[in-house]
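**Q** Supplied in structure tokens, the structure appears directly below.
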Amino acid sequence: MMRRSMLFLPGNNPNMLINASCLGADAVIFDLEDAVSPAEKDAARILVRNTMRYMDLGGCEVIVRINSVDTPYWKMDIDALLPHKPALILLPKTASKEDALIADNYMSEVEERLGLETGVTGLMPLIETAAGVENAYAIASASPRVKALFLGAEDLTADLQCKRTKEGREIEYARCRLVVAARAAGIDVYDTPFTDVNDDEGIWEDARLAKNLGFTGKASISPRHVEVINSVFSPTVSEIDYAYEVMEAIRRAKEQGKGAIALYGKMIDAPIVARAERTISMAQALGIGRGDN
């Protein structure tokens with residue numbers, strides 16, 4: 001599943017939930033945590049459950065942000081939603097490997113009880129504390145169920161006692177730390193939302209920065225940002241064309257028995273080939289051919 005964009009939708013807003021498949025995001029995050037007051041937790045859980053049970057979401061991937069493991073709600077969230085096989089459970093305020101394993105173990109218990117395949121729903125820890133950032137690799141490698149890390153900058157900057165800015169200098173270390181931890185563990189990593197829904201230039205810059213740092217994709221709290229995120233995290237025509245040229249150069253080198261080959265004056269080595277293969281794979285998933293506009 002390609003996951004360039006992930007759009008948060010409040011779990012207590014039926015109008016947004018039923019329109020989830022029309023908003024353009026690769027994945028939607030049905031939110032039972034921050035978007036829902038304690039008095040509405042039960043109603044939101046039922047609404048999200050029924051949306052997953054009865055609505056045709058048109059192939060849009062579903063992720064659910066449950067409540068954190070230090071609340072009385074999280075097990076009820078898992079009990080209600082795991083039978084409907086969300087792609088991922090987004091686990092907020094994951095500060096340690098132990099937090100991830102607590103959720104993982106309970107998910108396994110529920111899957112066994114329901115006769116579901118173990119691990120059919122993945123886990124995506126949301127890193128939004130200083131402790132979570134420092135423990136990022138331990139969390140990323142805690143279990144095969146952990147499929148990705150997610151950076152939550154709003155709570156993180158509160159924990160760091162610093163101001164959250166559009167420029168994002170205050171989260172540079174956290175961003176880099178999460179990317180390195182996730183890639184070392186062989187999983188995906190997703191960037192925090194850009195929260196100014198009216199700053200069109202700002203979302204472009206923030207998304208490009210995230211891509212350049214190595215993030216797999218980016219979350220959004222506004223449907224308005226989805227198109228930009230999808231565009232930034234999709235390969236460009238020139239990138240696709242170059243990827244095919246790299247693969248063609250490698251093919252020719254093998255035919256000629258050469259151990260090394262250059263393209264446009266640059267040696268083609270294993271990392272360049274791997275990047276080209278990823279670009280072509282993504283382009284094919286998007287239905288973009290070589291030279292398409």
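**Q** I need Met107, Met267 ordered by Cβ neighbour count within 10 Å, fewest first.
**A** On the way: Met107 23, Met267 9.
Exposure proxy ranking, most exposed first: Met267, Met107.
**Q** Right, next: So which GluC sites (Glu not before Pro) in region 129-186 are both in a DSSP loop and have at most 13 other Cβ atoms within 10 Å of their Cβ? Mind showing how you got there, number by number?
**A** On the way: sites: Glu134, Glu154, Glu167, Glu170, Glu172; in loops: Glu167.
Sites meeting the loop and neighbour criteria: Glu167.
**Q** Going 7 Å from the Cα of Val180 along its beta-carbon direction, which residues of region 145-159 have the amide nitrogen within less than 19 Å of the resulting point?
**A** Label zone hits: 149-152.
**Q** Hey, another quick one. Dipole magnitude of the chain about its Cα centre, charges +1 at Lys/Arg Cβ and -1 at Asp/Glu Cβ only, in debye to the nearest 20? Can you show the working numbers first?
**A** Numbers: 33 positive and 43 negative charges, 167 e Å.
So the magnitude is around 800 debye.
**Q** Against the longest principal axis of the chain, how steep is helix 172-185, in degrees 0 to 90 to the nearest 10, with axes from Cα atoms?
**A** Long axis of 172-185 versus the principal axis of the chain: about 80 degrees.
**Q** When Leu7, Leu23 are ordered from fewest to most other Cβ atoms inside 10 Å of their Cβ, what list results? Could you put the intermediate results ahead of the total?
**A** Details: Leu7 24, Leu23 18.
So the residues, fewest neighbours to most, are Leu23, Leu7.
**Q** Now a separate question. Show the residues, 5+ positions off or on another chain, whose built amide H is closer than 5 Å to the amide H of Gly122.
**A** For Gly122, the qualifying residues are Leu88, Ile89.
**Q** Just want the answer: with Cβ charges of +1 for Lys and Arg and -1 for Asp and Glu, which residue in Ser108, Leu9, Ile78 is farthest toward the dipole's positive end in region 1-117?
**A** Working it through, the farthest residue towards the positive pole turns out to be Leu9.
**Q** Based on the mean of other beta carbon atoms within 10 Å per residue, what is the order of 271-278, 202-209, 53-60, most packed first? Could you put the intermediate results ahead of the total?
**A** On the way: 271-278: 14.0, 202-209: 19.5, 53-60: 10.9.
For the peptides 271-278, 202-209, 53-60, the packing ranking is 202-209, 271-278, 53-60.
**Q** Could you work out the pair-distance distribution P(r) of region 174-293 from its alpha-carbon pairs, with 10 angstrom bin width and percents rounded to whole numbers?
**A** 12, 34, 33, 16, 4, 1
**Q** Please name which of Ala148, Ala44, Ile288 has its Cα lying farthest along the dipole of the chain towards the positive end, using unit charges on Cβ (Lys, Arg +1; Asp, Glu -1) and the Cα centre as origin.
**A** Among Ala148, Ala44, Ile288, the one farthest towards the positive end of the dipole of the chain is Ile288.
**Q** Let me ask something else. Need one word for region 237-286: rounded, prolate or oblate. Basis is the Cα gyration tensor (sqrt eigenvalues a ≥ b ≥ c); a/c below 1.5 gives rounded, then a/b vs b/c decides. Could you put the intermediate results ahead of the total?
**A** On the way: a/c = 2.21, a/b = 1.91, b/c = 1.16.
The shape class here is prolate.
**Q** Ok, one more. Give me the distance between the Cα centres of region 204-233 and region 9-56, rounded to whole Å.
**A** What the calculation gives is 22 Å, centre to centre.
**Q** What FRET efficiency comes out for Glu245 versus Met55 if R0 is 45 angstrom and r is the Cβ-Cβ distance? Round to the nearest 0.05. Could you put the intermediate results ahead of the total?
**A** On the way: r = 44 Å, r/R0 = 0.97.
Using R0 = 45 Å, I get an efficiency of 0.55.
**Q** Suppose only helical runs count, i.e. DSSP H with n ≥ 4. What mean residue ellipticity at 222 nm does that imply for the chain under -39500 (n - 2.57) per run, divided by all residues and rounded to the nearest 500 deg cm²/dmol?
**A** Working: 12 runs with 134 residues, N = 293.
Taken over the chain, the calculation gives -14000 deg cm²/dmol.
**Q** Another one. Express the relative contact order of the chain as a whole percentage, based on alpha carbon pairs under 8 Å and six or more residues apart in sequence. Don't skip to the answer; put the middle values down first.
**A** Details: 507 pairs, mean separation 43.7, N = 293.
It comes to 15 percent, rounded to a whole number.
**Q** With labels modelled as points extended 7 Å from the Cα through the Cβ direction, what inter-label distance (nm, one decimal) is found for Ala130 paired with Cys22?
**A** 4.6 nm
**Q** Something else now. Could you pull the Cα extents of the chain along its three principal axes, largest to smallest, in whole Å?
**A** 67, 46, 36
**Q** Relative to the longest principal Cα axis of the chain, at what angle does helix 270-286 sit, 0 to 90 degrees, rounded to 10?
**A** 60 degrees
**Q** Okay, next question. I want to verify a result. In a Gaussian network model of the chain, Cα cutoff 10 Å, which of these has the top mean-square fluctuation: Ala243, Ala174, Ala130?
**A** Fluctuation is largest for Ala243.
**Q** Rounded to whole Hz and in sequence order, give me ³J(HN,Hα) for region 194-199 from the Karplus expression 6.51 cos²θ - 1.76 cosθ + 1.60, θ = phi - 60°, writing x for Gly and Pro.
**A** 8, 8, 8, 6, 9, 9
**Q** I'd like the FRET efficiency for Met2 and His84, computed as 1/(1 + (r/R0)^6) with the beta carbon distance as r and R0 of 25 Å, rounded to 0.05.
**A** Working: r = 22 Å, r/R0 = 0.87.
Calculated transfer efficiency: 0.70.
**Q** Give, in nm to one decimal, the length gained when the segment between Lys163 and Lys254 is fully stretched (0.36 nm per residue of separation minus the Cα-Cα distance). List each step's numbers first, then the result.
**A** Numbers: separation 91, 0.36 × 91 = 32.76 nm, distance 5.42 nm.
That works out to 27.3 nm of additional length.
**Q** Shifting gears a bit: Quick check on my link table: of Lys41/Lys93; Lys147/Lys218; Lys41/Lys211; Lys75/Lys218; Lys93/Lys163, which ones sit more than 23 Å apart, alpha carbon to alpha carbon? Intermediate results must be reported in sequence, preceding the final value.
**A** Values: Lys41/Lys93 18 Å; Lys147/Lys218 15 Å; Lys41/Lys211 34 Å; Lys75/Lys218 27 Å; Lys93/Lys163 19 Å.
In this structure, Lys41/Lys211; Lys75/Lys218 exceed 23 Å between Cα atoms.
Computed from the coordinates by the stated procedures, all read-outs in this text should not be read as laboratory data. Note that the structure is predicted; figures quoted are calculated from it, not measured. Cβ atoms come from the backbone with ideal geometry, glycine included; neighbour counts cover every protein chain shown.
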